[in-house]
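For reference, the structure discussed in these notes is given below.
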Amino acid sequence: MGRNHRQLTVFQKADELAVLVYRLTAKFPSDERFELRSQLRRAAVSTPTNIVEGCARDSRRDYARFLDIA
């Protein structure tokens with residue numbers, strides 16, 4: 001269907017948030033490296049990733065499902 005995720009404001013904001021989370025969590029203590037920091041980073045990346053995945057889908061139903069997950 002040719003949706004461009006980069007044109008979606010929600011994607012832009014989610015991507016900015018993911019970058020910010022990575023910057024902030026880089027300052028976490030090393031004992032949080034594999035726990036809280038990892039969980040926060042995965043959660044932050046999940047939203048823009050699901051938006052991209054939804055935009056790549058052909059059906060409106062799949063598109064909507066991935067946006068709902070995001």
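The values are calculated or read from the model by the stated rules, or taken from the named source; none is laboratory data. Predicted model, so just to flag it, every value in this text is computed and none were measured. Here the Cβ positions follow ideal geometry from the backbone for every residue, glycine too, while neighbour counts run over all protein chains shown.
Residue-wise test of (1) at pLDDT below 95; (2) surrounded by 14 or more Cβ atoms within 10 Å (Cβ to Cβ); (3) of a type in the set (Gly, Ala, Ser).
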residue: 40; (1), (2), (3): no, yes, no
residue: 58; (1), (2), (3): yes, no, no
residue: 61; (1), (2), (3): no, no, no
residue: 65; (1), (2), (3): no, yes, no
- prompt: In segment 39-70, what residues are more than 16 Å from residue 5 (Cα to Cα) and under 14 Å from the mean Cα position of the chain (by Cα)?
  reply: 39, 40, 41, 42, 43, 44
